[in-house]
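Colleague: First the structure, then my questions, so here it is.
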Amino acid sequence: MIKLAGLSSALVAIAIASGAAAQLAHAPDGGTIERINSIEIPPLKDAPFSAMVRTEWTRYFEDGANRVIANHRSVARDREGRVFQERRRFVPPDTQGDSLLTEVDIADPTAHTVARCLLMQRICELRAFAGRVPTALPRAGVSPNGRSALTRDDLGTQTIGGVETIGTREVQTLTPVGVDRPVSIVKEFWYSPRLGINIVTTRTDPRSGREVFTVTDIQSSDPDPALFALPKDARIVDIRRPAPR
């Protein structure tokens, strides 16, 4: 009798589960995450600064509607080349006050580490940091496979926010696989040789919209050392690969 009772309970559980599955219209959807790559801040020594990076992202939809979202975040670099960056949520451009601060990244070229601190989870992931190796710009002209072409124009120089910059415009024409017509991507950069960063970057891409990054409120003094300390209440998770034996 005990075995039969257990078997009956199992059959009832299977029937309930099957009925629940039959009522579902579809499996859960993972959704889409909106993220764009902002300016690059190399770990240069003896070139300290602190600033605000203002981002405005305009998305174009097939029905002709536009969607504009924005944020602003603090960045800094000290004399040792350590880089501090905030990450904030996108909000409508007329939103008052700061958007939600979700993450803080601290790159330390001396310790060869990058700390990615997720503030809501109170976790800092410690990763290995090798730094970006400076590379030459891609050559203008047609690519070897003939599927893209690049033009580059010199825009001269201008002072932006008290910083001398060099201007460049690039137009890249692509013929992606499966697309019935060429796609043109236009980028404009105003670069500061002294700081090693782009003060203004504008990207116009029909696939993602128009992105404008502007570095403002630039201070050339050494930033507060407290910026480069990990949050005291955060749990440190070291996910660096162990050194080979």
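Rule-based calculations on the coordinates, nothing more; no lab input. Everything numeric here is computed off the predicted structure, so don't read it as measured data. No Cβ is skipped: glycine too gets one built from the backbone with ideal geometry, and neighbour counts run over all protein chains shown.
Colleague: Can you compute the charge dipole magnitude of the chain about its Cα centre, using +1 on each Lys and Arg Cβ and -1 on each Asp and Glu Cβ, nothing else charged? Give it in debye, rounded to the nearest 20.
Modeller: 860 debye
Colleague: Rounded, prolate or oblate: which fits segment 25-179, taking a ≥ b ≥ c as square roots of the Cα gyration tensor eigenvalues, rounded meaning a/c under 1.5, else prolate when a/b beats b/c?
Modeller: Values: a/c = 1.44, a/b = 1.06, b/c = 1.36.
It is rounded, given that a/c, with a ≥ b ≥ c, falls under 1.5.
Colleague: If packing is taken as the average count of other Cβ atoms within 10 Å, what order do 181-191, 50-60 fall into, highest mean first?
Modeller: With the highest mean Cβ count within 10 Å placed first, the list reads 50-60, 181-191.
Colleague: Let me ask something else about it. Can you give me the relative contact order of segment 53-164 as a percent, contacts being Cα pairs under 8 Å and 6 or more apart? The partial results should precede the final answer.
Modeller: On the way: 170 pairs, mean separation 14.9, N = 112.
Relative contact order for segment 53-164 comes out at 13 percent.
Colleague: Need one number: nm distance between label points at Thr102 and Asp63, each 7 Å from Cα along Cα→Cβ, rounded to one decimal.
Modeller: 2.6 nm
Colleague: Sorted by mean Cβ packing within 10 Å, highest first, what order do the peptides 168-176, 67-75, 152-160 take?
Modeller: 67-75, 168-176, 152-160
Colleague: While we're on this one: So who's got an amide H within less than 5 Å of the one on Glu103, skipping anything under 5 residues away but keeping other chains? H placed 1.01 Å off N, in plane.
Modeller: For Glu103, whose amide H was placed from the backbone, the distant partners under 5 Å are Arg87, Leu119.
Colleague: Kindly write out, for segment 160-167 in residue order, the coupling ³J(HN,Hα) from the Karplus curve 6.51 cos²θ - 1.76 cosθ + 1.60 (θ = phi - 60°), rounded to whole Hz, with x marking Gly and Pro.
Modeller: Values, residue by residue: 10, x, x, 10, 6, 10, 10, x Hz.
Colleague: Amide H of Leu155 versus every other amide H placed in the peptide plane: which residues, excluding those fewer than 5 positions away on the same chain, fall under 5 Å?
Modeller: Gly167, Thr168, Arg169
Colleague: Work out, step by step, the length gained on full extension between Leu230 and Ile166: first 0.36 nm times the residue separation, then minus their alpha carbon distance; give nm to one decimal.
Modeller: That works out to 19.5 nm of additional length.
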